[in-house]
């Protein structure tokens, strides 16, 4: 059993049963091991959520083509984040319920957004909160539509349009 095996099984449990479905005991049962053997790979449930968050949200910042300007970069980060929330909404909800799990990649995303927004507004933290909360709300809605590809595309496009309006406001365009 590897850390990757643990994270794959944990994400499946979280996607299937929500935050309450992801316990160390349930994860151990899924993997056919004792709960204590998990602690060689992750320190506790909060550490497990941090590791899941890093895995799921890694693509938000990794491999980005350098955009032409800061506004485009903000839009790209938030669009990628929106899609990640839509794919694994239970992870977002579990992090809301366990604030100590907010670290790693999610913290890097937040810091990058704040730095980019500082070029447009005297309130970059506030605007980061507004934009990320919008991505969360829309992403959680998007999750319910993945079975209907056309509906999911429409919801994502609606998100992009609303994001554009918000960015017009914050960037002064």
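What follows is calculated from the coordinates using simple rules that are stated; it is not laboratory data. As the structure is a prediction and not an experimental result, all values here were calculated from the model. Neighbour counts run over all protein chains shown; Cβ positions are idealised from the backbone, glycine included.
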Taking Cα atoms, the helix 124-143 axis meets the longest principal axis of the chain at an angle in degrees (rounded to 10) of 60
Can you tell me the 0 to 90 degree angle between the C-alpha axis of helix 3-17 and the longest principal axis of the chain, rounded to 10?
-> 80
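Would you list 114, 74 from fewest to most Cβ contacts within 10 Å?
Numbers: 114 15, 74 25.
Lowest to highest Cβ neighbour count: 114, 74.
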Using only helices, what value at 222 nm comes out for the chain when you add -39,500 (n - 2.57) per DSSP H run of length 4 or more and divide by the total residues, to the nearest 500 deg cm²/dmol?
-> -24000 deg cm²/dmol
Over its alpha-carbon atoms, segment 46-173 yields an Rg and a Dmax in Å of 14.2, 42
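Can you give the FRET efficiency to the nearest 0.05 for residue 97 and residue 118, using r as the Cβ-Cβ distance and R₀ = 30 Å?
Numbers: r = 30 Å, r/R0 = 1.00.
Once rounded, the FRET efficiency stands at 0.50.
Any chance you could list the semi-axes, whole Å, largest first, of the equivalent ellipsoid that the Cα gyration tensor gives for segment 40-80, using √(5λ)?
Details: eigenvalues 178, 16, 7 Å².
Calculated on Cα positions only, the semi-axes equal 30, 9, 6 Å.
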Roughly how tilted is helix 70-87, in degrees to the nearest 10 and between 0 and 90, from the longest Cα axis of the chain?
-> 30
Give the span of segment 1-42's Cα atoms along each principal axis, as three whole-Å numbers ordered largest to smallest.
-> 24, 17, 16
